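No lab work stands behind these numbers, since they all come straight from the coordinates. Keep in mind that what you see is a predicted model, and the values were worked out from it rather than measured. No Cβ is skipped: glycine too gets one built from the backbone with ideal geometry, and neighbour counts run over all protein chains shown.
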Amino acid sequence: MKFQLAINMERMDESMDMKDVVRHTLEMVQMAEQGGFNTVWAAEHHALEMTIAPNPFQILTWWAGHTDKIRLGSAVAVAPYWNPINLAGEAALIDLISGGRLEFGIGSGAYQREFDRMHPGLKQSDAWRYMNEMLPVLKALWAGDYEHNGEFWSFPTAASVPKPVQKPHPPIWVAARSPITFDYAIKNECNIMSWPLTRPFAEAELYKSLLDDAMAAVPGCVRPTFAMMRHTALYDSETGRDTAIRAIQTALGQFENLFRNLGDVNNGFPRKIPLGDLTDREQYNSEMLEANLMFGSPEVVIAKLQRYQALGVDEFIYYASMGLGQKEQKHSLELFCSEVMPAFA
């Protein structure tokens, strides 16, 4: 099993200095490289302090200048927010600058709040159609001159400038949770990242069955790399456990605000839905969170990861950003690198 890191520049409230956030994020990326992580992922989000990521390729260019070998991934570039020529060129440029280290992740977007601002009038549930049109256009632009007349974009002959270092293009990833997305990934030879959110291990088993079904429907297809993401926090005391649980509950309360599109966001900070309004839902229960997420001592986390490995997960995505303090985040990553990863060497 290989390991990947997903990390955001993250401010949970105005007390956090942006300079400290920037420094901490880069230090975590460098720790991951030194510890043997294979890939680090940058997201795309807009107008939200808890996920500061207006352009994933700008973030990856920053990281590329401070690392040597770790691969650099967009998780994910949101197709409806981009012009294909722009997206092809941005992705190719970071592949060039980094010496061919780009992992290109593309998706359809998360929150209706962002669509209301970045692509007014588009429903999040319809955004997958943009990704379906975008991906073959990108491949064509990376190959050379191409003219496009589609449903969402049309342009005369153009080519990606520059071209990617990796041929025919960087590895392509899609975020998949539904059957249609797994089918799309297999038919288009994309790697897959899945995120069970806070749900039990049975959700991961469901995703693996969807992968198997999609592959069975395309005889002779290439098996993709199958990665699974979980919020991760390692600790070695009861105090560490309580701190991690409180942090994830706070972050999830803010995510709940965004998923409901309540509009209750002040200066980029979503108001947290009170825990009292969420405790009747299993995914916010502290015991369930500790059991379902990659939380625990190194020994507990090793045992959890072994289940994912036995399931057929090729790479585990350590999701570090979740409202946890910077000191606690670093301690968790240190424990993971020193005590967990050697068990999977």
Note to self: Based on alpha-carbon centroids, what's the gap between the range 158-195 and the range 270-345 in Å, whole number please?
What the structure shows: 27
Check: Starting at 0 and stepping by 5 Å, how many percent of the alpha carbon pairs of the range 219-307 end up in each bin?
Finding: 3, 12, 20, 17, 15, 13, 9, 6, 3, 2, 0
Notebook entry, point to check: From the residues Gly253, Met28, Thr243, which one has its Cα farthest along the dipole of the chain in the positive direction, the dipole being from +1 and -1 charges on Cβ of Lys/Arg and Asp/Glu about the Cα centre?
Noted result: Met28
Next item on the list: Translational diffusion coefficient, Stokes-Einstein: compute it for the range 105-199 using the Kirkwood radius over C-alpha pairs as Rh, at 37 °C and 0.692 mPa s, and state it as an integer in µm² s⁻¹.
Entry: 220
Notebook entry, point to check: Which of the residue pairs Lys2/Lys330; Lys304/Lys330; Lys187/Lys208; Lys187/Lys304; Lys69/Lys187 have a Cα-Cα distance greater than 23 Å in the structure shown?
Noted result: Lys187/Lys304; Lys69/Lys187
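Calculated from DSSP H runs of 4 or more alone, at -39500 (n - 2.57) each and per residue, what is the 222 nm mean residue ellipticity of the chain, nearest 500? Intermediate values should be presented prior to the final figure.
Details: 11 runs with 143 residues, N = 345.
It lands at -13000 deg cm²/dmol.
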Next item on the list: Quote the relative contact order of the chain in percent (integer), defining contacts as alpha-carbon pairs under 8 Å separated by 6+ residues.
Entry: 19
Next item on the list: Find how many whole Å separate the alpha carbon centroid of the range 1-26 from the alpha carbon centroid of the range 245-261.
Entry: 17
Check: Angle, helix 128-143 long axis vs. longest principal axis of the chain, Cα atoms, 0 to 90°, nearest 10?
Finding: 60
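Hey, got the dipole for the range 199-345? About the Cα centre, +1 on K and R Cβ, -1 on D and E Cβ, debye to the nearest 20? Write out the running numbers ahead of the final one.
Working: 14 positive and 20 negative charges, 69 e Å.
The dipole magnitude comes to about 320 debye.
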Next item on the list: Would you mind ranking Thr250, Thr157 by Cβ crowding within 10 Å, fewest neighbours first?
Entry: Thr157, Thr250
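At 0.36 nm per residue, and after removing the present C-alpha to C-alpha distance, how many nm does the segment from Leu96 to His119 gain when stretched out fully?
Working: separation 23, 0.36 × 23 = 8.28 nm, distance 2.95 nm.
Contour length minus the Cα-Cα distance gives 5.3 nm.
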Margin query: I need the P(r) histogram for the range 166-225: all alpha carbon pairs, bin width 10 Å from 0 out to the longest distance, whole percents.
Written below: 24, 52, 22, 3
Notebook entry, point to check: What trypsin sites (Lys or Arg not before Pro) in the range 273-345 are in a loop by DSSP, with at most 13 other Cβ atoms within 10 Å of the Cβ?
Noted result: Arg281
Notebook entry, point to check: In debye to the nearest 20, how big a dipole does the chain give about its Cα centre with +1 on each Lys and Arg Cβ and -1 on each Asp and Glu Cβ?
Noted result: 480
Next item on the list: Just order 117-129, 200-212 by mean Cβ neighbour count inside 10 Å, highest at the front, would you?
Entry: 200-212, 117-129
Checklist line | For Cys190, Cys221, Cys337, order by how many other beta-carbon atoms lie within 10 Å, fewest first | finding: Cys221, Cys337, Cys190
Item checked: At most 10 other Cβ within 10 Å, DSSP loop - GluC sites (Glu not before Pro), the range 74-151 -> Glu151
